[in-house]
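S.K.: Can you read through this structure? Questions will come right after.
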Amino acid sequence: METFAQAATMDSVTCPSCGLLCDDLSVERDSAGNLDVSKNGCAKSITFFARAPHTPAPRVDGKPVDLPTAVARAVEILEAAHQPLICGLGTEVQGMRAIMALADKTGACLDHMNSNGFMRNIQVVQNSGWQICTLTEVRNRVDLLVIVGTDIVSLFPRFFEREIWNAESMFGQDTTKREVVYLGGRDIDTSAGIAPDGRKPTVLACDLDQLPAVSAALRALIAGKQLHANSVGGIKVADLESLAARLHAAKYSVITWAAGTLNFPHAELTVQNMTEMVKSLNKTTRSSGLPLGGIEGDMNANQVSTWVSGYPVRTSYARGYPEHDPYHFSTDQLLSRGEADTLLWISTFNPDRLPPRTDLPSIVFGHAHMKLEQEPAVFIPVGTPGADHRGIMFRSDNVVSLPLDQLRSSALPSLGTVLTAILQAL
Ligand code: SF4
């Protein structure tokens with residue numbers, strides 16, 4: 001049985017630091033439990049695993065206490081609450097299941113820290129549906145990739161290495177011949193889109209807030225309409241016509257975006273322009289959307305919430321049954337309108353994702369390295385899934401989940417363990 005006490009090299013480690021969930025990392029462990037990525041890492045994964053083992057004490061009103069005392073105080077706060085808000089939700093599947101049980105018991109509202117972006121996609125799914133693909137389909141089939149307004153590499157550092165310029169594919173495609181187009185987003189580093197044979201990607205740059213007009217124009221051209229304009233959002237219509245023709249000619253195009261970066265009013269309509277383009281293209285060829293996400297467990301939160309309640313997050317249990325509202329049940333709305341009276345914040349992967357400032361009684365279940373700007377009523381440090389304990393994580397494409405391993409011994413409890421103790425005492 002693994003004791004974790006000795007130095008070791010661990011292969012085929014899954015990294016939960018972004019939605020790609022690369023599962024080919026090698027990680028070295030020393031006898032003190034320090035972890036060091038030795039193979040197939042990226043800057044993000046190296047930072048994630050390099051956080052040293054650390055076991056701070058739980059705190060109540062800023063004073064160190066033992067775990068039962070912190071749990072007892074959390075129970076008191078929740079028993080006095082009428083409208084708790086459980087947000088952040090940065091956890092893996094088992095942690096999220098425990099959150100769902102706590103929300104049901106306390107009549108809480110649930111919201112994820114990445115929901116502002118995620119909801120742009122959800123609204124499209126709810127309104128008109130979409131046709132999207134998995135990362136595996138991208139890796140094996142794409143011949144033309146269109147990236148809309150998104151700096152993929154800063155969010156998903158190994159995306160091109162793993163999904164686009166991969167040396168092998170299942171159907172014998174020469175992946176070096178793939179074409180890449182960047183649409184929108186002026187300041188994006190496009191160097192990762194340079195093909196192994198040196199071909200540069202096509203870059204049709206515009207300001208992010210011009211993407212609604214640009215995507216609407218491209219959608220119209222793909223649908224066979226004529227535009228009576230020379231340029232849209234600073235991009236020549238002739239260039240958009242050329243892109244529309246390339247998309248029609250491609251055997252398997254993929255249009256991708258990370259909704260969190262499309263940070264302008266009604267960006268869901270821009271997402272819808274892309275998903276409707278995909279529908280048009282599929283009348284004569286094959287095309288798919290690829291919404292990128294899965295950072296800080298947003299896919300876990302929404303998958304678990306949906307299979308337990310029928311709704312994604314931004315769902316309230318205050319009436320004794322799940323009630324979903326993508327606008328009114330956002331963390332910002334609930335706090336600004338004074339419609340929550342207690343705040344629970346959860347971030348187990350990332351110590352830098354901090355709770356919103358509030359005067360409400362707060363309970364934070366956080367990464368051991370979290371440095372809070374505002375001391376909550378209760379702080380309980382919990383283990384990091386994929387390093388301190390095992391877990392399950394959904395990949396960006398939402399249909400594939402992967403196991404996370406424990407890589408070292410840790411005295412920190414998992415979020416699920418702590419929430420179960422709270423639930424039993426309520
Ligand atoms: S690309 Fe993402 S999943 Fe892959 S190693 Fe880097 S942070 Fe981890």
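S.K.: For the subset of the stretch 91-112 comprising residues that are hydrophobic (A, V, I, L, M, F, W, C) and not in a helix (DSSP H, G or I), which member is nearest to GLU296 (Cα to Cα)?
M.R.: LEU110
S.K.: Would you mind stating whether PHE156 is within 16 Å of the ligand (Cβ to nearest atom) and of a type in the set (Phe, Trp, Tyr)?
M.R.: yes
Each row is one residue, and each column tells you yes or no for (1) within 16 Å of the ligand (Cβ to nearest atom); (2) assigned to a loop (DSSP other than H, G, I, E, B).
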site	(1), (2)
ALA192	yes, no
LEU227	no, yes
LEU247	no, no
GLY260	yes, no
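S.K.: Would you point out which residue out of LYS251, LYS225 is farther than 24 Å from GLY117 by Cβ, within 30 Å of the chain's Cα centre (by Cα) and not small (Gly, Ala, Ser)?
M.R.: Exactly one residue qualifies, and that residue is LYS251.
S.K.: While we're here: Across the stretch 159-190, which residue is farthest from the ligand (Cβ to nearest atom) among those that are acidic (Asp, Glu) and more than 20 Å from the chain's Cα centre (by Cα)?
M.R.: The initial filter retains those residues of the stretch 159-190 that are acidic (Asp, Glu), namely 161, 163, 168, 174, 179, 187, 189.
Imposing the further condition that a residue be more than 20 Å from the chain's Cα centre (by Cα) reduces the set to 168, 174, 179, 187, 189.
Numbers: GLU168: 18, ASP174: 24, GLU179: 22, ASP187: 21, ASP189: 15 Å.
Ranking the candidates gives ASP174 first.
S.K.: While we're here: Would you mind finding the one in ILE188, ILE235 that is at pLDDT 95 or above and in contact with a strand residue (DSSP E or B) (Cβ under 7 Å, 6 or more places away or on another chain)?
M.R.: The match here is ILE235.
S.K.: Quick one: in the stretch 42-90, of everything that is polar (S, T, N, Q) and in a helix (DSSP H, G or I), which residue is nearest to the ligand (Cβ to nearest atom)? Walk me through how you get there before you give the answer.
M.R.: Start the filter on the stretch 42-90 by keeping residues that are polar (S, T, N, Q), which leaves 45, 47, 55, 69, 83.
Imposing the further condition that a residue be in a helix (DSSP H, G or I) reduces the set to 45, 47, 69.
Values: SER45: 4, THR47: 9, THR69: 36 Å.
Applying the filter and picking the extreme gives SER45.
S.K.: Scanning the stretch 18-40 for residues that are near the ligand (Cβ under 9 Å from one of its atoms) and in contact with a helix residue (DSSP H, G or I) (Cβ under 8 Å, 6 or more places away or on another chain), which turns out nearest to GLU137 (Cα to Cα)?
M.R.: Within the stretch 18-40, the match that is nearest to GLU137 (Cα to Cα) is LEU20.
S.K.: Of all the strands (runs of 3 or more DSSP E) wholly in the stretch 277-395, which have at least 1 residues that are β-branched (Val, Ile, Thr), modelled with pLDDT of 95 or more and not assigned by TED's automatic domain parsing to the domain that holds ALA250?
M.R.: Ranges flagged: 342-347, 362-367, 378-382, 391-394.
S.K.: Still on this structure, I have one more. Select from the stretch 211-232 the residues that are under 18 Å from GLY185 (Cβ atoms) and aliphatic (A, V, I, L, M) and list them in ascending order.
M.R.: Within the stretch 211-232, LEU211, ALA213, VAL214, ALA216, ALA217, LEU218, VAL232 qualify.
Yes/no matrix, rows are residues, columns are (1) surrounded by 14 or more Cβ atoms within 10 Å (Cβ to Cβ); (2) among the basic types (Lys, Arg); (3) in contact (Cβ under 8 Å) with a residue 40 or more places away in the chain; (4) closer than 19 Å to THR91 by Cβ:
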{"site": "ASP325", "(1), (2), (3), (4)": "no, no, no, no"}
{"site": "LEU334", "(1), (2), (3), (4)": "yes, no, yes, no"}
{"site": "ARG337", "(1), (2), (3), (4)": "no, yes, no, no"}
{"site": "ALA340", "(1), (2), (3), (4)": "yes, no, yes, no"}
{"site": "LEU343", "(1), (2), (3), (4)": "yes, no, yes, yes"}
{"site": "ASN350", "(1), (2), (3), (4)": "yes, no, yes, yes"}
{"site": "PHE365", "(1), (2), (3), (4)": "yes, no, yes, yes"}
{"site": "ALA368", "(1), (2), (3), (4)": "yes, no, yes, yes"}
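S.K.: Within the stretch 3-17, does at least one residue satisfy the condition of being farther than 30 Å from GLN333 by Cα, among the aromatic types (Phe, Trp, Tyr) and within 16 Å of the ligand (Cβ to nearest atom)?
M.R.: no
The values are calculated or read from the model by the stated rules, or taken from the named source; none is laboratory data. The shown structure was predicted, so the numbers you read here are calculated from the model rather than taken from an experiment. Neighbour counts are summed over all protein chains in view; Cβ atoms, including those assigned to glycine, are modelled from backbone coordinates with ideal geometry.
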